[in-house]
Structure formats: structure tokens, C-alpha cells
Amino acid sequence: MKLEFNEVGFIFDLDGVIVDTAILHYKAWRRLANSLGFDFSEAQNEELKGVGRMDSLDRILAWGGISMTQEEKIQAADRKNAWYGELITHLGPEDALPGAINFLEQSADIGIGIALGSASKNAMPVLNSLGITDFFDAIIDGHSITKNKPDPEVFLKGASGLNLTPSLCAVFEDATVGIEAARSAGMTAIGIGSEENLPEANKVYSSLAEANMDTILELITLNHI
Ligand code: BG6
Ligand code: MG
């Protein structure tokens, strides 16, 4: 049986799918690393995509060969977050990734349920700066979850916020851990990026500008049966 658009849900990751904030996270983490006397590359930063704040800090400190008490780690993460928070105040609709706002508009127009499924505790100010908060029927962010991706919690909460069974949802993700989370939630996983980086996705598009609604609906139908 073929599903209709108004029976399914789309759950979007934020950083790297809707907005290019990876560079801002990188700038802020790098500033922290530099203040501790070391540096790390943009290639290393790739490994931080989709990874929660404290886990990211642990990886960065390991690269610098630095150990900290829990108290010091909290202070360091707070410093990074203050710098990141300053950087995102300058974001505007022009910082949305190609096709993202148009895809949200199109999805809303045809009655698809729309949720956010992000690890970030800064998701609300980013959505507000881009002027896209009202597209979302449910918002699950770093404040709403107890376990980070690849745990499926964030997406399962997104589906329940949309009152949909997981198999009726497609997740849009740029991070390997996010694709893994979507698959273990029993959802269709749409990768945004390259097939090489996201081999476990059901379908990969280079950006939301390339994404095809009919193809995605067919994939959800196949997964739901
Ligand atoms: C994810 C980013 O969306 O959110 C990660 O890809 C980031 O790089 C994580 O570490 C947590 O974000 P925040 O804003 O809560 O520090
Ligand atoms: Mg992401």
C-alpha cells in the first residue's frame, strides 16, 4: 500500500543538514585547544560531527594529551560554549545550507510532519536566528535527551512528538553516528553529504537541494511494510 505524504514524518538533524555550523563549532573548539597550547585540524574536526559536547571535549583533550578533572572539563566546555554562543548570534537565513529552507517549506506545504532531532543545546537560538522555528511540529534537542547519537533516543522522541510510529519517519543526517541512530530507531536514513562517508544510509544526497520527495516517500513505504 502506498503511503501519502501527510501520513509520514521528516526528522531533521540541525548542524550540517540545515545550517553549516560545523565551522563555528570548530572555531570555538580550536580557540579552546589553542588556549591549552595545542591545535587540531579540520580533518580531525570531522570526527566531532554529531558528537555531544562533553564527548567532543574528551576527544579533543585526548588529541592534546591533556587530562582534566570533571570540574575543569565543565569549565572548559562552558568557555567553548560561550564562544560558540557569540558566533551563532551572527547567523541569519543566508547561512542555511543549499535547499534547506525550500525543502522545509515544501515538506510543510504537502502536510509532512516535521521534527528536529539534534544533539545541540544551542538548537533553539540557531533555529530562531534562521527564522525557521515555526516549521517544526516537534523540537528535540540536547536538552531533551539523556543519551547521545548513535543511541536512537533523539529520533524516537521526534517520532513520538509527531505522533508517528518510527517506521513512518525519515531522518536527514550528515553524521555517521546519526545514520546509525536513525537505522536503530527503525527509520529511513537519508544521508546529507557523500556516499563514501555515509555508507549505511538508505539514500545519500549532497544537499537538501537534491533531495527528491517521491523517492523518499517510496523508501519510507518500503521500510514501513
Ligand atoms: C551536534 C554537532 O549537532 O551538536 C556537534 O554536530 C556538537 O558538533 C553537538 O558537539 C552538541 O552541540 P552543543 O551546541 O550542545 O555544544
Ligand atoms: Mg549534524
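A simple charge model with +1 on the Cβ of Lys and Arg, -1 on the Cβ of Asp and Glu and nothing else charged puts the dipole of the chain at about 640 debye relative to its Cα centre. In a reduced charge model with +1 at each Lys and Arg Cβ and -1 at each Asp and Glu Cβ, region 29-143 shows a dipole moment near 420 debye about its Cα centre.
Computed over every Cα-Cα pair of region 19-68 and binned at 10 Å starting from 0, the pair-distance distribution P(r) comes out as 26, 63, 10, 0 percent. With kT/(6 pi eta Rh) evaluated at 25 °C and eta = 0.890 mPa s, and Rh the Kirkwood radius from Cα pairs, region 89-216 diffuses with a coefficient of 166 µm²/s according to Stokes-Einstein. Applying the criteria of a DSSP loop state and at most 15 other Cβ atoms within 10 Å to the GluC sites (Glu not before Pro) of region 119-225 yields E195, E196, E200, E210. Overall size of region 55-146 from C-alpha positions, given as principal axis extents largest first: 51, 28, 19 Å. Relative to the current alpha-carbon distance between K147 and E196, full extension at 0.36 nm per residue lengthens the span by 15.0 nm. Counting only protein heavy atoms and a 1.4 Å probe, region 104-158 has 40 square angstrom of accessible area per residue. Using a simple spin-label model with pseudo-atoms 7 Å out from Cα toward Cβ, W63 and T215 lie 3.2 nm apart. The packing ranking of peptides 105-117, 135-147, highest mean first, is 105-117, 135-147, where packing means the average number of other beta carbon atoms within 10 angstrom of each residue. A viscosity of 1.306 mPa s and a temperature of 10 °C, combined with the Kirkwood radius over C-alpha pairs in the Stokes-Einstein formula, give region 173-225 a diffusion coefficient of 144 µm²/s. Shape index of the chain: Rg/Rh, with Rg the Cα radius of gyration and Rh the Kirkwood radius from the inverse mean 1/r over Cα pairs, equals 0.98. Counting only protein heavy atoms and a probe of 1.4 Å, the accessible surface of the chain is 47% carbon and sulfur. According to the calculation over all Cα-Cα pairs in region 1-46, the P(r) per 5 Å bin from zero is 5, 17, 18, 14, 10, 9, 7, 6, 6, 4, 3, 1 %. Over the chain, Cα pairs under 8 Å with separation of 6+ residues give a relative contact order of 26 percent. As a length-normalised measure over Cα pairs under 8 Å and 6 or more apart, the relative contact order of region 1-97 settles at 41 percent. Think of the chain as a dipole: +1 on every Lys or Arg Cβ, -1 on every Asp or Glu Cβ, centred on the Cα centre; then among L156, T188, L208, L156 lies furthest on the positive end.
The values are calculated or read from the model by the stated rules, or taken from the named source; none is laboratory data. Predicted, not measured: the structure shown is a model, and the values here were computed from it. Every residue, glycine as well, gets a Cβ built from its backbone with ideal geometry; the counts of neighbours run over all protein chains shown. Accessible surface areas use protein heavy atoms only, side chains included; no ligands, DNA or RNA. Shrake-Rupley method; radii C 1.70, N 1.55, O 1.52, S 1.80 Å.
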